[in-house]
Each structure stands twice: as C-alpha cells, then as structure tokens.
1. Specify the residue that is surrounded by the fewest Cβ atoms within 10 Å (Cβ to Cβ); the eligible residues are those in the range 139-178 that are closer than 17 Å to ARG191 by Cα and of a type in the set (S, T, N, Q).
2. Residues that are of a type in the set (Gly, Ala, Ser) and touching a residue at least 60 places away in the same chain (Cβ under 8 Å): which helices (runs of 4 or more DSSP H) entirely in the range 620-670 hold 3 or more of them?
3. Please count how many residues of the range 324-356 are touching a strand residue (DSSP E or B) at 6+ places or on another chain (Cβ under 6 Å), part of a loop (DSSP other than H, G, I, E, B) and either outside the structural domain of ASP296 (by TED's automatic domain parsing) or not hydrophobic (A, V, I, L, M, F, W, C) (or both).
4. Checking the structure you have, find out if any residue of the range 102-122 is at pLDDT below 95, of a type in the set (Gly, Ala, Ser) and closer than 19 Å to ASP268 by Cα.
5. Let me confirm something: among ILE429, ILE399, which residue is of a type in the set (A, V, I, L, M) and either under 15 Å from THR289 (Cβ atoms) or part of a loop (DSSP other than H, G, I, E, B) (or both)?
6. Taking the stated definitions as given, is GLU201 more than 20 Å from TYR297 (Cβ to Cβ) and without any contact (Cβ under 8 Å) to a residue 60 or more places away in the chain?
7. Among (1) under 24 Å from the mean Cα position of the chain (by Cα); (2) under 22 Å from CYS558 (Cβ atoms), where does GLU424 come up short?
8. Given (1) free of Cβ contacts under 8 Å to residues at least 40 places away in the same chain; (2) part of a loop (DSSP other than H, G, I, E, B); (3) in contact with a strand residue (DSSP E or B) (Cβ under 8 Å, 6 or more places away or on another chain), identify the lone condition not met by ILE40.
Amino acid sequence: MFRSLLAVLVVLYGMHASLLAVEPVGQVIDARYHHLGDSIVTTWKEANSQPEGIRLDLPFEAKAQTRETILSIKHRDIDGKWDLVLNGKTVAQLKRESALRKFYYSIPPNLLRDGTNLLSIISRSPTDDISVGDIQYFDQPLGKVLRLGRIHVTVREAQNKELLPTRLTVLGSGKKLVDIFEATQATLAVRSGLVYTATGEAEFSVPAGSYTIVATRGMEWSRAEVVCEVGESKKSEVVLQLRREVDTKGFIASDTHIHTFTFSGHGDSTVPERMVTIAAEGVELAISTDHNHHTDYQPEQQKLGLNNYFTPITGNEVTTKNGHFNAFPLSPKEPIPNHKETNWVKLAADIRSHGAKVIIFNHPRWPNPKENPLTHVQFNQASGDRTGNVPIPVDGFEIANSTSLQKDPLLLFRDWFALLNHGEMIKAIGSSDSHTVSDPVGQGRTYVRSSTDDPTRIDSDEMIRNFQQGRTSISLGLFSEVIVDGQFGPGDIASGTKPMQVRFRVASPAWITPRRALVFMNGQLVAEKLVQSKFGQATDEWLSFKITKPRHDSHLVCIALGDGIKDESWNTYADYTLAATNPVWIDADGDGKFTTPRETARLLLRSSKQTLDSLKQIAQNEDGGIAVQAMSLARSEWPLTTLVGLEALIESLAVDRPAFALYRSQLQSR
C-alpha cells in the first residue's frame, strides 16, 4: 500500500471476522446503517432505500490519547470520495469497495479530546450512494485489537537468486483471501489478500493464524506457495523462488490497455501502484490508456526505480458514445482527440492527426451482447456487413480482454474473421483493461516480435511497425507462435504450390493447462488436435499440420484453448485460457500479394454468368468465407428482382453450411 496522501491517518483494509477466534467488539458509536447519497436504492437489506443526505454526524464520548486508537466501520458501494472527519479534521477517505465489509481506520495520536468528540462522514461525490454503519471505537492500537503478527517475504529467481518483482496472494482458512495490514512501503501495492512487491521483498501484518502465501509473476513464470504460521506480535520469514517456464525469446510482452484511478476516475489503482503491478506481472511494453487522458508513466517509473523492467508508451482510450478506441503513441503534452465524435471515420482521422499510429477497437461487444457498437451498426458476424458498410478504420481488434471476457471464447474471433473476410486487414489484440490493483495487468496481452529481449532496449518504432503489420500473437495465459513451410509467420505473405506444413507452438507454465489447437482458413476450421499437456508440468509443444493449399488467397490463423483458472492467485473471469496468432497471408495464386476473400468473391462473380445458378455453384465450390462474401455482394449489388431467389438460395445453403446458417440468422432487410 502506498503512503496515504492524508498523512495524518493510515487507511487499513477490511478484515474478515472469521479469521479471528472472537471478533473484536469496541465501544459502539452507532449500530445502525445509514443510506447516504441522493438516489433510491432498493438492493440493500441493512439500510433504508431512501437517502438521508450526503453527510453523517455522530458525536461520541472518548478520552484524549497520545497513541494510536482505532475506528471500525462497515460500508459498501463506495465509488466516489467520502471524507472521514474527526473533530473537524479530515483524517481519511472511505476505502473504495462494493461489498459490505468491515474496515479499520487508525486514529493518530493527539486528535481525540476528553469528553464529546464528533465523527463525520462527508461526501465529495453527491451522486454516489453508500451504505455505512456498525461504527465502533477501540482505545487500543490495531495490533492489539486484531492480534497482529508480521510476515516478511522474499522472492528470488531460482537460478541466479536475484530478487524478483512479484504478485503475492495471501490465503487463510478455506483458501480465502485475507486482509493485509501495516504494509506501508512505497514499493508495494496492497489489496485484500494481495501484495505486489516491486523489489521482491514485502513485509506486512495479518492476524495470528495459518496462511498460504502464493507467488506468481505472470504467465511466463512458475507458481510457488508455502504455508506460514503467524504468531501474535511475532515475525515470520518466508522465502520463495520462481523460474521462467515459458520461453518467449524474440517476443516482447505488451499490454495495450491499462488504466489508473488517478486519471480514469474509476477502478482503484494509483499511478505508482500501477508501476509496481506492471513490473510484477512481467509486462515489458506498457501502454497507458486512461480514458480521454494522456498518462505519462515515466516519472513514476523512474521514481520507483523500475526502468529495468518495462518500456512505457503513452496512449489514450478515446472514449466515445459509439465505442472505445485505444490510440498510441501520443505525446503527454498533446491535446486529447475529440472524444465527442461518433463518426468512426472522422474520429480515426482526428486521432491520427494527434500522432497516433495504432488505433484499436476495444471490447467490441461491451457492455452486453444486445447493446454494443457492433449491434448499433447491425454487424453480420458471418459476412462483416453492417449498416451502410460504414468503414472501421482501425489497426487492431481487441479479442482477449481479460476483464471483459465473453462466455464463448470464439465469439470475438468470429467477428474478427468476418472483418478479415470483408476486406479489413485488422489485427487481433490481447490486453488486460485492468483498472484495479487486483485484476492482473497483462493477464490478457499481446506478444510483439522484437529484435531484443531486453525490456530496457525496446525500440518503440519497431514495436509500432510490428503492431501495424500483425507480427504479433495474443495471449490469455497461453503462448503461441506459428511457422508455415518453415519460414513464414504472422504478417508474412506465404507463397508456394505444395500442401502447406503448418507448425503451431503452444506453451504454458505448469499451472495452466492448454487443451486444443485449432487451425482456421478464412475463418473456417480446417484442422484440430489435442495438446499433450498435464497440469503440474510446463507445456511447450510444436503441433504439425499438413494443410491443403487453398484454391484462392486465404488468411491462416491458429488458436489454442485451455482451462480457466479458479485459483485466487490469478483467477480468470471466464472458464478458459487462450492464445492465437495473427494471420499468415496465404498467396495461393503466387502473384506476390494477398487478395482478400471479398475481392476474390467479387472476381468470381464478375467472371460468372451472374445468375442464381452460377452463384450457387460458387457457394458450393468455395470455402465458407469466400462463399458468404459472394452472397453478400450479390445481395447488395444485384437487382431487387433477384432478392426472392437469393433468399431462397441462402435458406437452402444454410441447411448444411454453418457459415450460411450464421449469415442467414443475422440478415437485415435490404
């Protein structure tokens, strides 16, 4: 936890009563619960649905103290800023938390007076509704109230014994997250059950008892754990070692979607805390993307001595009413793009005029399946058609967003394949979209081809070029790369006349289990194999596929799917992990360039008799990607007199062609 801006009081995190043999009971200041705010809330059982106002004043009797004493307060749904004021002096802000939990706040010496004291809770965010109550006073220091003991943890690299920035998860009875106290070092970021250390060392307090300490450092590293017994007023030493289990030589681990509470206004991670989490999760290229703000990480990174662990790039999540778009690189001194613009073409032009060379379409199906930027334009997931075929002038399409995951791991891949088939040369992106300390930054990530593996020597211009050219792969717990015919990778145009030899690498640490490897051509599944993996053993397998060369130019993408992670140390929001390559562009006709499925379909239609029979022949002869594009073109360009016949043909093809079944289900009226 970082030192509070309010130096007169240290904010202490909430405490699960089950960890103590007897929950401490102090002097009750107010046992009732109060609804503070300005709106009706009907979901709280403990508080009235009607708000009482935006301020609560509670007098209580106490004696003056020359040492620390404690307040305990239960509260929930703290999203804005609420000041805790004692005798007219602001001493803290209520901890941001959605669940109803007990929090302990330390009263510094010489603030209480003999007789009546006044405790006030005052809103700085009048539209924020909270429930607060069960407020108690303890005339003892926190260590006595909670029977605290100390833990000192050291984490080193297994071979060279160097200290490692690390994520530490602290679990108590039933493997539940426990609360951390008295962790005030500036190189830590602390939340309930979680301690990030920028130095590989951490010291903190917990109530006396038995704990499991888990160390992780992102998906390239092993996982280590130990059981630790903690005695009241005693100090326990814990030493853990991690080793790199996934070889990513030739790639840099990037996260293109990172937030701070400081500048995005929601979540809970300050900028210094974010620097610690980036280093501890093994992110090597960190792109700041606060909402409509250019955040420069370099000053805080340098202040904390973390320059050796990652290279930052300033970006911006341009947040509009018609979608969110990450853009980078940007100068911290430049004005922000016009986030009130909702026309995608004008918006992209404005973003690029500010210097951005990469624009990413973020979480395209957010906030929900029925209401999102793609449904607003009636996007057809089979053809990529949308209202007016409005251009989507972006470079990347966010598929693996680890805090906004779809239940179906292939849903966003289908959207992306439709865009590729439609002719948009957009690249897949993985990211975390982390707004909080707890959600692991870099859990979703993009691996970028690099001429160096040294995070201090990253060439930002090279990174930008490789993002633009798709010399990248995406990751959510798994790592992948692909080689076609022994020489071609993502972003390359692969030419040749023989059946293709596709080698697909799937790798993971011992605590993540990959299951399936899939190969897609023009969005159609053409091959599949099981990955030979075993939980508890690191996976690193090259799977070989012999793929018939397609009749026409095609894009080849490989996807790996694995088990989700339920462990609190690196929990995934959805029940899967994944990795995927960006396309290898297959030049089937050997002309040295790539022709998109839509353009291929257009050429096939032009060379045909342009009748329903000739269209049916194309649909039956070509893969689903090209066939659907041919139908889309005919439906949009042929005379209206052919529409009835086209609809009947689509119906017949949908019976045994999944691509046409999906296309038909999302057709809009012409």
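The values are calculated or read from the model by the stated rules, or taken from the named source; none is laboratory data. This one's a predicted model, so the numbers in the text were calculated from it and none came from an experiment. Reconstructed Cβ throughout: ideal geometry from the backbone, glycine too, with neighbour counts over all protein chains shown.
1. Filtering the range 139-178 for residues that are closer than 17 Å to ARG191 by Cα and of a type in the set (S, T, N, Q), the one surrounded by the fewest Cβ atoms within 10 Å (Cβ to Cβ) comes out as THR169.
2. On the way: elements: 624-637, 643-654, 658-665.
Result: 624-637.
3. Count: 5.
4. No, the range 102-122 contains no residue that is at pLDDT below 95, of a type in the set (Gly, Ala, Ser) and closer than 19 Å to ASP268 by Cα.
5. Working: ILE399 fails: either under 15 Å from THR289 (Cβ atoms) or part of a loop (DSSP other than H, G, I, E, B) (or both).
Criteria check complete, one pass: ILE429.
6. Values: more than 20 Å from TYR297 (Cβ to Cβ): yes; without any contact (Cβ under 8 Å) to a residue 60 or more places away in the chain: yes.
Criteria met by GLU201.
7. It fails just one condition, (1).
8. Failed condition: (3).
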